[in-house]
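S.K.: Handing you a structure now.
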Amino acid sequence: MADIDNKDQAEMDPADMEDVEEVEEEEAGEDENSKARQLTVQMMQNPQILAALQERLDGLNGSPSGYMESLPKVVKRRVNALKNLQVKCAHIEAKFYEEVHELERKYAALYQPLFDKRSDIVKAAYEPTDEECEWKADEEEELTDEMKEKAKLEEEKKDEEKEDPKGIPEFWLTVFKNVDLLSDMLQEHDEPILKHLQDIKVKFSDPGQPMSFTLEFHFEPNDFFTNTVLTKTYKMRSEPDENDPFSFDGPEIMSCTGCTIDWTKGKNVTLKTIKKKQKHKGRGTVRTVTKTVPNDSFFNFFTPPEVPENGELDEDAEAVLAADFEIGHFIRERIVPRAVLYFTGEAIEDDDDDYDEEGEEADDEEGEEEADEENDPDYDPKKDAAPPAECKQQ
């Protein structure tokens, strides 16, 4: 047999011999890779190794590379000079944002008449003219004269069948429900109250006063509270921190204050009454105790945690304030200026465009993976198929 094997090898083409050697090398390489993977898995399952690795990573986090320490003293002096220049840049940037705030105040006065008219239309204090109601549709949405006439007749028929609504009912409630950031705050018991919300206004601090803005929520008379306006004021700072000037990245909200809501008796949705049974240890008698506890509600927005003078907060309070600042900024920057687009959903579609594109990319990648599997001669779809669910009798 050995002679036959040697004869066969002698008769093999030299090119074939090279192929055999390459295959053997590939198999050896695969064995080494497999062993390396097994060793890695074993190491990553060892708690001591993981702890040591984590400690090493924690030590590297935020630490200098060592390059600065290696520089000559004369170069370090020049780097310090650059840092001083950077601090001056931060102070100039702070002045820039102060002027931006002044511009916001100036243009807020120009926007306000338009927002006031919007409010009048919403609450039926003003009926817009036919010319004001004319809206040119996009080209793809343009209808033929016949379709327009048909749509007009259908609308008139619907209007005859129901009472003529005043203004735009539930305008702000719909805006809130359409925006995830705000709808997450809403509870079912909040909705009847927010149906009475007629307008939200933004008021900026007066010239020469510390930088701040106030959100004003205007309500029509209702059965829930006697306030006509609920306010939330955010105080901001636009100056570098003396202890950390390089962290400056524009104005930051330092604190916020709400207002007292004068609830009608029995209508306070921020509180709820619960009953608890208590058993006497000695006599064994049971009594029912009624307690008032906080309740989830949008209107907790007007009673934020107070920031102590030293600025130190616990983690829960910090999380609440961080979310509060985000909401206040979003209402000021997006909701108030573009309310009608959030009412119709058009602004929401714009906000979601980036997420849709990412989703499409992910879908494409999945499609490529599926195609690769189908083209793989060794691919067996039965192995990937989920096992059928077992039927169990209850």
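The values are calculated or read from the model by the stated rules, or taken from the named source; none is laboratory data. This structure is a prediction, so every number in the text was calculated from the model and none was measured. Please note: Cβ atoms are built from the backbone with ideal geometry, for glycine as well, and neighbour counts cover all protein chains shown. Areas reflect the complete protein model, heavy atoms only, side chains present, ligands, DNA and RNA absent. Shrake-Rupley method; radii C 1.70, N 1.55, O 1.52, S 1.80 Å.
S.K.: Hey, any hits in region 98-120 for a residue that's surrounded by 10 or more Cβ atoms within 10 Å (Cβ to Cβ) and touching a Gly at 6+ places or on another chain (Cβ under 7 Å)?
M.R.: For region 98-120, residues surrounded by 10 or more Cβ atoms within 10 Å (Cβ to Cβ) and touching a Gly at 6+ places or on another chain (Cβ under 7 Å): absent.
S.K.: Looking at region 312-329 only, could you name the residues that are more than 10 Å from Ile253 (Cα to Cα) and open to solvent by 90 Å² or more (accessible area, probe 1.4 Å)?
M.R.: Selection gives Glu312, Asp314, Glu315, Asp316, Glu318.
S.K.: I need the full set of residues from region 192-205 which are open to solvent by less than 70 Å² (accessible area, probe 1.4 Å) and either in a helix (DSSP H, G or I) or over 16 Å from Pro337 (Cα atoms) (or both), in order please.
M.R.: Pro192, Ile193, Leu194, His196, Leu197, Ser205
S.K.: Is it the case that some residue within region 293-303 is under 19 Å from the mean Cα position of the chain (by Cα) and either open to solvent by 60 Å² or more (accessible area, probe 1.4 Å) or modelled with pLDDT of 90 or more (or both)?
M.R.: The answer is yes; a qualifying residue exists.
S.K.: Of all residues being touching a Phe, Trp or Tyr at 6+ places or on another chain (Cβ under 9 Å) and open to solvent by less than 80 Å² (accessible area, probe 1.4 Å) in region 237-253, which is modelled with the highest pLDDT? Just the residue, please.
M.R.: Pro240
S.K.: Test Lys232 against the criterion of being at pLDDT 85 or above and on the phi < 0 side of the Ramachandran plot, and give yes or no.
M.R.: So Lys232 fits the description; yes.
S.K.: Does Trp172 meet the test of being of a type outside the set (Val, Ile, Thr), buried (at least 16 other Cβ atoms within 10 Å of the Cβ), out of contact with any Cys (no Cβ under 9 Å at 6 or more places or on another chain) and touching a residue at least 40 places away in the same chain (Cβ under 8 Å)?
M.R.: It is true that Trp172 is of a type outside the set (Val, Ile, Thr), buried (at least 16 other Cβ atoms within 10 Å of the Cβ), out of contact with any Cys (no Cβ under 9 Å at 6 or more places or on another chain) and touching a residue at least 40 places away in the same chain (Cβ under 8 Å).
S.K.: List the number of the failed condition for Val286; all other conditions in (1) over 30 Å from Met236 (Cα atoms); (2) of a type in the set (A, V, I, L, M); (3) open to solvent by less than 80 Å² (accessible area, probe 1.4 Å) hold.
M.R.: Of (1) over 30 Å from Met236 (Cα atoms); (2) of a type in the set (A, V, I, L, M); (3) open to solvent by less than 80 Å² (accessible area, probe 1.4 Å), only one is false for Val286: (3).
S.K.: If you take just the helices (runs of 4 or more DSSP H) that sit entirely in region 135-191, which of them hold at least 2 residues that are at pLDDT 90 or above and in contact with a helix residue (DSSP H, G or I) (Cβ under 9 Å, 6 or more places away or on another chain)?
M.R.: Helices (runs of 4 or more DSSP H) meeting the threshold: 171-178, 180-183.
S.K.: Among the strands (runs of 3 or more DSSP E) confined wholly to region 206-301, which include 2 or more residues that are in contact (Cβ under 8 Å) with a residue 24 or more places away in the chain?
M.R.: 212-219, 229-237, 252-257
S.K.: What is the residue count in region 96-123 for residues that are aliphatic (A, V, I, L, M) and more than 20 Å from Ala339 (Cβ to Cβ)?
M.R.: Residues in region 96-123 being aliphatic (A, V, I, L, M) and more than 20 Å from Ala339 (Cβ to Cβ): 2 in total.
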